[in-house]
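Nothing in this text is a laboratory measurement; each read-out follows from the coordinates by a stated rule. Note that the structure is predicted; figures quoted are calculated from it, not measured. We place every Cβ from the backbone using ideal geometry, glycine too, and count neighbours over all the protein chains shown.
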Amino acid sequence: MSERVTAVRRALAEAPARLVVECVADVLAKEYAITGTDLLLVDYRLSALLPLLSGPAVTHPGDPAWRAFDHQNEVVAGHVGYLPVTVRGERLGVLRISPFPEPGTERDELLEIGTLLAHELQAAGVGTDRYTVAARSQRLTLAAELQWELLPGRCRVGPGFSLAGQLEPAYAVRGDSFDWAEQEGRIFVTVLNGMGDGITASLLTSLATQALRNARRAGLPLADQASLADQALFAQHRGDSHVSALMLELDVTTGEVLAVDAGSPRLLVLRDGEVHDQELDAEFPFGMFETSDYSTQSFRMQPGDRLFIVSDGVFAAPGAAGQYGEAALRRFIRRTGPLAPLQAVRSLLGDLRAFVSSDLEDDAVAVCLDWNPSSA
């Protein structure tokens, strides 16, 4: 690590949580003669990059800032450079700096600084609301606030896998959600849909998510995790409310997937350019009965496979020409093959919003999981 990068790291560690970006700007001016620095944070809808310090939102997909965000590379436009601000696959936004140095060592150092900034922003978020608020283009409903606070992130990249998910409508979600975790070479992914609307649905989904996390962290098998969540919901609501869920556990080494289908969303596989249904035997949603036994099913992914999990708010979304539908969904998933998972879910839900011509009437969740064992 160069002395200049070390100076940035030291300054970030000492900066007050709410002034991390200003601290980076000061150090870049001193060490690299960069006079213009700003952080563009991606908004909750994945449709705008919002400047933290000054200037208008960046919404045009072809803008250099969006190209840096989508392709995770530096992009230069005139004297301005754009660098991805990403940590462990979680894309927070883009660092905009000017004047951007000529090709060489300095650019490599600045890319490294973008990653350092991402780490520090995640740590700083515990102590300040500044960056959370700055990433909003409008106020969240209380139900949406609960749902977003529950999420593990929107993107994750690790040895052998890449994963992303998104909620819509982003600023007013209700009961749909997702969760994931990485543990000892296994990836756990859950997509949930709590019945009802507003706060009631959000609280229901929150209880189910936390019950599943509690069981998973206790080391219980997948079917027992489902049973614990089922019992927790029934004990609280006595069968009056329930949560549909799809639970997956991927062995990153072998590609084996264990699954529990509790009245789940749709599971589709993109393999060699073709989209297939991954059939599972559906069981009762969580919380319907006092005692429900869940069984684990299994299937095997092939290298390069992409799993898409979508809620009914996607394929059943109404538009002027009818529902979005199965055919449109499959056609669009086929087109996502070259895209990274976060680009894939962003593009899918953007296409869905364009079809509906407004915010969605029902919640929609899209989760995308790639298995590439060669990258391990």
Query - Sum of side-chain charges, Ser298 neighbourhood, beta-carbon under 14 Å (Lys, Arg +1; Asp, Glu -1) - result: -4
Query - Cα-based shape type of the range 3-134, given that a ≥ b ≥ c are square roots of the gyration tensor eigenvalues and the cut on a/c is 1.5 - result: oblate
Query raised in the report: Taking a ≥ b ≥ c as the square roots of the eigenvalues of the Cα gyration tensor of the range 275-376, is the shape rounded (a/c under 1.5), prolate (a/b larger than b/c) or oblate?
Result: oblate
Query raised in the report: Based solely on its DSSP helices, what 222 nm [θ] is calculated for the chain when runs of n ≥ 4 H residues each add -39,500 (n - 2.57) and the sum is averaged over all residues, nearest 500 deg cm²/dmol?
Result: -11000 deg cm²/dmol
Query - Packing-based order for 264-271, 324-331, using average beta carbon neighbours within 10 Å, highest first - result: 264-271, 324-331
Query raised in the report: Once you sort the root eigenvalues of the Cα gyration tensor of the range 245-295 as a ≥ b ≥ c, which label holds: rounded (a/c under 1.5), prolate (a/b larger than b/c) or oblate (the other case)?
Result: oblate
**Report entry** Sum of side-chain charges, Gln323 neighbourhood, beta-carbon under 13 Å (Lys, Arg +1; Asp, Glu -1)
**Finding:** -4
Query - Segment Thr200-Leu220, extension gain: residue separation times 0.36 nm, minus the distance between their alpha carbons - result: 4.4 nm
Report summary line: Low-density loop trypsin sites (Lys or Arg not before Pro), the range 66-136, at most 15 other Cβ within 10 Å, DSSP non-H/G/I/E/B, are Arg88
Query raised in the report: Put +1 on the Cβ of each Lys and Arg and -1 on the Cβ of each Asp and Glu in the chain; which of Val157, Leu246, Met195 then has its Cα farthest toward the positive end of the dipole?
Result: Val157
**Report entry** For the range 142-375, size of Cβ-based charge dipole, Lys and Arg +1, Asp and Glu -1, in debye
**Finding:** 680 debye
Query - Most fluctuating residue given options Pro64, Pro341, Pro16, as computed from a GNM of the chain linking Cα atoms under 10 Å - result: Pro16
Query raised in the report: Any idea what angle helix 105-124 forms with the longest principal axis of the chain, computed on alpha-carbon atoms, 0 to 90 degrees, nearest 10?
Result: 50 degrees
Requested in this report: Please give the FRET efficiency for Gln138 paired with Thr254, using the beta carbon to beta carbon distance and R0 = 35 Å, rounded to the nearest 0.05.
Outcome: 0.20
Report summary line: Expected unfolding gain across Leu19-Glu361 under the 0.36 nm per residue rule, minus the alpha-carbon gap, is 119.3 nm
**Report entry** Sorted peptide list for 52-61, 22-31, 246-255, criterion being average Cβ within 10 angstrom, highest first
**Finding:** 246-255, 22-31, 52-61
**Report entry** Rounded tilt (10° steps) of 198-217 against the dominant C-alpha axis of the chain
**Finding:** 90 degrees
Query raised in the report: What's log10 of I(q)/I(0) for the range 142-375 at q = 0.09, 0.10, 0.17 Å⁻¹, Debye sum over Cα points only, no solvent?
Result: -0.34, -0.42, -1.27
Report task. Just report the Cα centroid separation between the range 324-343 and the range 62-87, whole Å. Result -> 24 Å
Query raised in the report: Can you give the angle from 0 to 90° between the axis of helix 3-14 and the longest principal axis of the chain, with both taken from C-alpha atoms, to the nearest 10?
Result: 60 degrees
